[in-house]
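Accompanying notes for the structure given below.
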Amino acid sequence: MNNKEKAIIINDYFNEILYDAKCELIYRKPYELVISVMLSAQTTDKSVNNVTKVLFNKYPSLYDLSNASEDDVKEIIKSIGLASSKAKNVISISRNLLERFNGEVPFTREELMSLPGVGRKTANVCLLELYSKPVMAVDTHVERVSKRLGIAKENDNVLEVEQKIYKYFNKNDLPHLHHQFIHFGRRYCKSQNPLCSECKLKDLCKYFKKRKD
Ligand code: SF4
């Protein structure tokens, strides 16, 4: 079976078991998503939602956030780690969006990546979630699942994983597929003790075959 055929089976299976997978970060406005994704580095979506509930209620507009005190933002987000740099980024992203983009979240990866604390992965999440752009944001779950299933090679870097996903999957499926990969990695294909006995992808899974040998 080639990787294109494999990708069709994976996509069909994800649509069967994870048809309702969606972004777990809670946001009401596009800029809140940009800030939430930036805050989610090295922590969980649930922890981010806990702090953004307070942050976005206290500072309900981009203008309010851009004028927030760094110490106060740091205090609000202290439970998620890297609070100093993340607090700086919250304020700086807000100022940049107001000053350079008229308060709107830009449409291109390059412009998004020009915002403080926004790398390729964060930019791709914003593009696929806000604008349904056909991109994949490769986080730890997407990387692990792709490699276990043999869509990418073990020593591929994240950019190579991303390119291989573009090569094999239908581009219109990518925004939803991104969330499905993440949910599949969290619930089934976990880093430790994946639930292989329940998984219908066993026959095409390189990791499962190696485990059996
Ligand atoms: S068989 Fe196991 S390792 Fe392979 S994709 Fe399924 S859960 Fe992941």
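Which members of the stretch 11-54 meet the condition of being polar (S, T, N, Q) and buried (at least 19 other Cβ atoms within 10 Å of the Cβ)? Across the stretch 11-54, the qualifying residues are SER36, SER40, THR52.
SER132: among the small types (Gly, Ala, Ser) and in contact with a helix residue (DSSP H, G or I) (Cβ under 6 Å, 6 or more places away or on another chain), yes or no? Spelling it out, SER132 is indeed among the small types (Gly, Ala, Ser) and in contact with a helix residue (DSSP H, G or I) (Cβ under 6 Å, 6 or more places away or on another chain).
Counting only helices (runs of 4 or more DSSP H) that sit completely within the stretch 95-213, those holding 1 or more residues that are in contact with a Gly (Cβ under 8 Å, 6 or more places away or on another chain) and more than 16 Å from the ligand (Cβ to nearest atom) correspond to 109-113. At least 3 residues being among the charged types (D, E, K, R), assigned by TED's automatic domain parsing to the domain that holds SER92 and at pLDDT 95 or above is the threshold, and among the helices (runs of 4 or more DSSP H) wholly inside the stretch 21-81 those reaching it are 45-58, 70-77.
The residues of the stretch 188-201 that are loosely packed, with under 15 Cβ neighbours inside 10 Å and either of a type outside the set (D, E, K, R) or under 17 Å from GLU16 (Cα atoms) (or both), listed by number, are SER191, GLN192, ASN193, LEU195, SER197, GLU198, LYS200.
The values are calculated or read from the model by the stated rules, or taken from the named source; none is laboratory data. In this text, all values refer to a predicted model and were calculated from it rather than measured experimentally. Cβ sites come from the backbone with ideal geometry, for glycine too, and all protein chains shown count toward neighbours.
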